[in-house]
1. So which of Phe115, Phe121, Phe73 is within 21 Å of Val142 (Cα to Cα) and either under 17 Å from the mean Cα position of the chain (by Cα) or polar (S, T, N, Q) (or both)?
2. Output the number of residues of the stretch 117-127 satisfying the condition of being closer than 19 Å to Val101 by Cβ and without any contact (Cβ under 8 Å) to a residue 24 or more places away in the chain.
3. Tell me, please, whether a residue that is in contact (Cβ under 8 Å) with a residue 40 or more places away in the chain and among the charged types (D, E, K, R) can be found in the stretch 69-77.
4. Hey, Val55 hits all of (1) at pLDDT below 95; (2) within 25 Å of Arg140 (Cα to Cα) but one; which does it fall short on?
5. Which numbered condition in (1) farther than 25 Å from Arg42 by Cα; (2) surrounded by 15 or more Cβ atoms within 10 Å (Cβ to Cβ); (3) under 17 Å from the mean Cα position of the chain (by Cα) is the only one that Lys141 fails?
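The values are calculated or read from the model by the stated rules, or taken from the named source; none is laboratory data. Keep in mind that what you see is a predicted model, and the values were worked out from it rather than measured. Note: ideal-geometry Cβ built from the backbone for every residue, glycine included; neighbour counts use all protein chains shown.
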Amino acid sequence: MTSRRADADSFAFYLDETGEATEIAELLGAEVARRFGPRHERPLSIVMRRDDSLVAGLNGVSHWRWLYVRHFFVAEAWRGLGLGQKLMARAERAARERGCVGIYLDTFEEDAERFYEKLGFERCGAIENFPAGGTRRYMRKVL
């Protein structure tokens, strides 16, 4: 009988740079769900338009009773008019309607961090020098 160590040395590795392997995500998702329950993942997109132009919007997903804001955008010409606050208020309302207990997001911008802090978010982590010369800030708001 061979040892597990010897068996481990016999595996082949395959590098695929074309995209994610869905099988990995499915297997890991099933393992995590056994421990924490199903994700109950639901996408969310909120778009603000004026005429045919996108003025502001966000993309996110709710899972495990938290809303993750993946993308948040206000067109430069429309910043400083309170549209971002209205957009986040609408996202918070959607999160509450979905039964979420909080919202989390990340940003690279110091100004954005201050904006989110005014809305009740707090920093809960950071990665310095990511991207090079910057900081990725993780923020959360408990509802």
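1. Details: Phe115 fails: either under 17 Å from the mean Cα position of the chain (by Cα) or polar (S, T, N, Q) (or both); Phe73 fails: within 21 Å of Val142 (Cα to Cα).
The match here is Phe121.
2. Going residue by residue through the stretch 117-127, those that are closer than 19 Å to Val101 by Cβ are 119-125.
Remaining after also requiring without any contact (Cβ under 8 Å) to a residue 24 or more places away in the chain: 120-125.
Residues that pass the stated criteria total 6.
3. no
4. Condition not satisfied by Val55: (1).
5. (1)
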